[in-house]
1. Is there a pair in B:26/B:133; B:84/B:127; A:25/B:107; B:21/B:127; A:45/B:108 whose C-alpha atoms are over 26 Å apart, and which pairs would that be?
2. Percent of Cα-Cα pairs per 10 Å bin, from 0 to the last occupied bin, for region B:1-49, please list those.
3. Scan around residue A:111 for amide H atoms under 5 Å from its own, H built in the peptide plane at 1.01 Å from N, and keep only partners 5 or more places away or cross-chain.
4. Using every Cα-Cα pair within region B:36-144, state what percent have a distance larger than 17 Å.
5. Once phi is turned into ³J(HN,Hα) by the Karplus curve 6.51 cos²θ - 1.76 cosθ + 1.60 with θ = phi - 60°, what whole-Hz value does each residue of region B:28-45 show in order, with x for glycine and proline?
6. Between residue B:27 and residue A:80, what is the FRET efficiency for a Förster distance of 25 Å, r being their Cβ-Cβ separation, to the nearest 0.05?
7. Arrange the following residues from fewest to most other Cβ atoms within 10 Å of their Cβ: A:115, A:80, B:51, B:84.
8. Restricting to Cα pairs below 8 Å that are 6+ residues apart, what does the relative contact order work out to for chain A? Please round to a whole percent.
Amino acid sequence: MAIQFDAVGFETNETIHEVDRVSIKWFARAIGETNPIYHDREAAKREGFSDIPAPPTFPTTFRDEEDARLRDRVGFDFRKLVHGQQEFEMPRPLLAGDVIRIRSRVAEIYTKEGKTGPMIMVVTETTGRRPDGSVAFTGRSTVVQRP
Amino acid sequence: MAKTAHFEDVAEGSEIPPIEKSPITKVQLLQYAGASHDYNLLHTDDEFARKAGMPNGVIAHGMLAMAVAAQLLTDWVGATNVRKVSVRFTAPTEPGDVVTAGGKVIKKYQEAGENRVECEIWTRTQKGTVTTKGVGVVALPGRG
């Protein structure tokens, strides 16, 4: 299946994610983080956190059926995909116990000439909000479909 | 732990204390796949990865390299002070690679009532290959 350029503007339904200590612990272990604030609540408290904080790239774990729906809509071929760019912004870290509402949107699809032919760049923006509506994080991802 | 840097202590061009990680292992890639829910077989199945054009088999998730770039910032200023991490993935990381991260201060400014510092950040392997390149923004407390 080819990339569907008319997927620009496609928006997922909102999904709700609860940040939990166990997920943070295993994520931290997988990235080789040994800082105890990511698994020991007392250590986190000593650093001024009310609960276990999440590492800055933790929002990448918020994948769900809506994310899959977005990828289907765009028409990615997994054998030819590479992650081109990623950005996360956050006014403060996510903490265990936070409940975040997430929605993603296909922001842009464009082609760029590569060494072996045209590469298709798909830009997706994700916003996570707290229950009061304030922004918990924003993400911007560029995925490249190689020829 | 961290939290030693103050806004007054850094200048444009100041280096961020570099970090070095343990070698990437295939088990770690399985752990990362599970922890991040990124099950693309490019990172866990050698046969799939070779068919996808990776001569040595599986490569690490780009987001794993980015996590190291982010740790450079959290180790430096504390997890509470990181505002932005933005990278371009410039080359794959393979099992066995030792990833290091480094960076330097580009700009100091005020935003949203905070002292902010924009930095150039990068990760690279022991072969000297730059695997991510980007920008980080942190907030730093003043001495006052």
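A short reminder: the numbers here are calculations on the coordinates, not readings from a lab. Everything quoted here is computed from the prediction, not taken from an experiment. A quick note on method: Cβ atoms are made from the backbone with ideal geometry, for glycine too, and the neighbour counts reach across all protein chains shown.
1. Values: B:26/B:133 24 Å; B:84/B:127 28 Å; A:25/B:107 33 Å; B:21/B:127 14 Å; A:45/B:108 29 Å.
Correct reply: B:84/B:127; A:25/B:107; A:45/B:108.
2. For region B:1-49, the binned pair fractions read 19, 30, 18, 24, 9, 0 percent.
3. Amide H neighbours of residue A:111: A:121.
4. On the way: 3388 of 5886 pairs.
Summing the P(r) tail past 17 Å for region B:36-144 gives 58 percent.
5. Each residue of region B:28-45 in turn: 4, 5, 5, 4, 5, 4, x, 6, 9, 6, 9, 9, 4, 5, 4, 9, 9, 10 Hz.
6. Values: r = 27 Å, r/R0 = 1.07.
FRET efficiency, residue B:27 to residue A:80: 0.40.
7. A:115, B:51, A:80, B:84
8. Taking the mean separation of contacting Cα pairs over the length of chain A, I get 29 percent.
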